[in-house]
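Every number in this text was worked out from the coordinates using simple rules, so none of it is lab data. Just so it is clear, the structure is predicted and the values come from calculations on it, not from any experiment. Virtual Cβ from ideal backbone geometry, glycine too; neighbours counted across all protein chains shown.
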Amino acid sequence: MGWWERVRPLSARRGDGRRVLLGGGVAFFVATALVNVSNFGFHVIVSRLLGPGSYGGLSTLLVGVLIASVPLGAVQLAATQAQARATREASIRWITLAGTGGGVLGLVALSGVSPGLEGFFHLSSPVPVVLLGVWFLLAAPSAVAMGILIGQRSFRVAALAVLAGALIRLVAGAVLGAVGLGISGAVLATDAGQLASLIVLLVPLRAQLVDPIRESVRLTWTESTLSLAALSGLAVLGGVDTLLARHLMPATSAGYYAAAATAGRIALFAPGAVTLIVFPRFVAQHQKGGVSPRVFLQALALVCALGLGAAAVLGVAPSLVVGVLFGHGFAASTGEVAILGLAGAGLGILSFLTYFHVARHSL
């Protein structure tokens, strides 16, 4: 029997599908949209400061952030599922310490391989790779905290955290780039933004961090493994092209491709907030017997509309998009934007379906 036949009868959950973006979900959706605008603003600034050659190197490292975030995203998903099962005030000390330990390991690992990655991606120094490790150190506990807050449906706090991080990153990127720190300055700005997000995330969770007597939120091996496997596939699909372009192409050509890929990801990121907002609802509904078809279809329709709408804009006006984001020096990027925008929309829909099946513990 397929999953659709196993969902709870719609009449039993009549109120579930009335609004996909419930409560603070609207605030989180708006905040995520603003963050995406800010992130592209970051690229607007640093691409002009670095030029095509160096920007290709930075884009490679930022794709490295995307791939390095795979285990973090898996932890976030599993933390959301664990919080949905636990009481609202459960202790998160253990899970946060475990996440921080993983961040330390990530920092040590990236520092150790930094000389090799410097040569592989034709960087001028291993310092940006080490700074990427610092980002991982900060992002690991952030993933835990974000997962807990989303599991509690505290979307307004999550929205504030991502907005604070985006703003700090944008300002720091402009300042550090202007003083000539190059790729290292751009990665350091990303670290600063992640630190700001972490602080905002942990403040409302401080009671759950310091009280060891409460019930503990704990990850299960099945949930963590399933999330890791699913998000690994998404990350490879979303980022391997930019990595290979940097390794195989001349620096300037790789920079042009990186710019086109970055623009194409607008169609991927546009519906991303919807996926995160409905994920805890899928988890909760699955725990109670089955996902409401109406919630699923409304969310899927919204994801398709946002992703394909963004891809359509990219296909109609690629020169305008590239000119606004990167300047006329990247005009050679326009030919690939429409294709990569459509690919980004497809990946956004695939991401939504993946999260849905993770919520159901479905292989």
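Taking only alpha carbon atoms, segment 274-363 gives an Rg to Rh ratio of 1.16, where Rh is the Kirkwood radius. Of the Cα atoms belonging to segment 181-336, the radius of gyration and Dmax stand at 20.4, 60 Å.
Backbone N atoms of segment 237-276 closer than 18 Å to the 7 Å Cα→Cβ label point of Ala301 belong to residues 271, 274-275. With the simple spin-label model, which puts each label point 7 Å out from Cα in the Cβ direction, the Val316 to Leu105 separation comes to 4.8 nm.
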